[in-house]
Amino acid sequence: MTVQPTTARPAGNICIAVALPDTLAAVRAAQPLLPDVDVVEIRLDAMRQPDIAGLCRQILRPLLFTNRPAWEGGAFEGQEEKRIEPLLAAVRCRAAFVDLELRADLSLRRCLLDKVRGSATRLIISHHDFARTPDAPQLSAILREQVQSGAHIGKIVTLAHDHLDVLRVLHLQCEARTRNFPLIAFCMGEAGRISRIVTLLLGGFMTYAALDASQATAPGQLTVQQLKAALSVLAGSA
């Protein structure tokens with residue numbers, strides 16, 4: 001299995017993940033890092049009363065809104081119909097991206113797809129496996145389902161136990177490229193840390209970074225400074 005880089009310099013996005021309890025805290029935490037990132041993810045499932053419009057006004061970067069359910073590693077435990085409401089509000093506020101899980105009820109996906117159609121918002125359809133990395137045929141099947149979902153961008157993130165797991169996930173970038181489908185693909189965990197960097201060198205759409213080492217939203221997540229330093233070295237611009 002051979003993975004060929006598409007460019008000497010990464011063209012993908014760096015997204016900072018913000019999981020804080022209120023709008024003011026999220027804005028204050030994100031503000032100092034805005035010059036170093038392309039996208040800010042707001043984890044709605046971590047917020048008590050999110051002010052979608054206020055976040056869009058005050059954070060001057062493209063925003064990604066995620067309301068992750070407990071069944072996919074998040075904190076939201078209410079009804080699914082309630083979970084999608086702030087995502088629909090984000091579309092109305094012209095957010096750059098909203099994230100919905102591939103395993104979410106099909107009716108919710110159709111509702112969100114209907115709202116983003118013709119809007120400024122792009123839908124990321126995501127799959128997370130916090131226990132393992134599936135084998136190559138299973139990963140390819142997940143990617144095919146995402147391509148067929150109608151979403152604009154796919155996201156596949158798994159837990160890596162070794163470097164073979166990492167290689168399988170990174171190879172998805174080659175498959176996605178043949179389908180002309182933007183893909184976010186990397187691994188969680190210590191073994192997966194390298195994939196968070198290399199995925200951009202292989203043409204990945206985006207990778208995620210933490211506000212700081214104490215506020216990672218997933219195992220193995222790097223800080224913005226760590227990620228940029230590693231990319232600088234690997235891309236040959238150090």
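Since every read-out is calculated from the coordinates, none of them should be taken as a lab result. Since the structure is predicted, the reported quantities are computational estimates derived from the model, not experimental observations. Heads up, the Cβs are rebuilt from the backbone with ideal geometry, glycines too, and the neighbour counts pull from every protein chain shown.
In the stretch 48-70, of all residues being charged (D, E, K, R) and under 18 Å from the mean Cα position of the chain (by Cα), the one that is surrounded by the most Cβ atoms within 10 Å (Cβ to Cβ) corresponds to Arg68. The strands (runs of 3 or more DSSP E) found wholly in the stretch 1-119 and carrying at least 1 residues that are among the hydrophobic types (A, V, I, L, M, F, W, C) and farther than 21 Å from Leu222 by Cβ occupy 63-66, 97-101. When Ala25, Ala89 are checked against the criterion of being more than 18 Å from Val116 (Cβ to Cβ), of a type in the set (Gly, Ala, Ser) and over 18 Å from the mean Cα position of the chain (by Cα), a single residue qualifies: Ala25. Of everything in the stretch 171-191 that's in contact with a helix residue (DSSP H, G or I) (Cβ under 6 Å, 6 or more places away or on another chain) and crowded, with 21+ Cβ neighbours inside 10 Å, which residue is farthest from Glu72 (Cα to Cα)? For the stretch 171-191, the residue satisfying everything is Leu172. Remark: Gly154 matches the filter, which requires a residue to be among the small types (Gly, Ala, Ser), assigned to a strand (DSSP E or B) and in contact with a Pro (Cβ under 9 Å, 6 or more places away or on another chain). The residue pairs whose first member lies in the stretch 171-185 and is in contact (Cβ under 8 Å) with a residue 60 or more places away in the chain, whose second member is among the polar types (S, T, N, Q), and whose beta carbons are closer than 7 Å, counting only pairs six or more residues apart or on different chains, are Gln173/Thr199. For first residues located in the stretch 116-145 and touching a residue at least 40 places away in the same chain (Cβ under 8 Å), partners that are outside any loop (DSSP other than H, G, I, E, B) and hydroxyl-bearing (Ser, Thr, Tyr) and lie 6+ apart or on another chain with Cβ distances below 8 Å form the pairs His128/Thr158; Thr133/Thr158.
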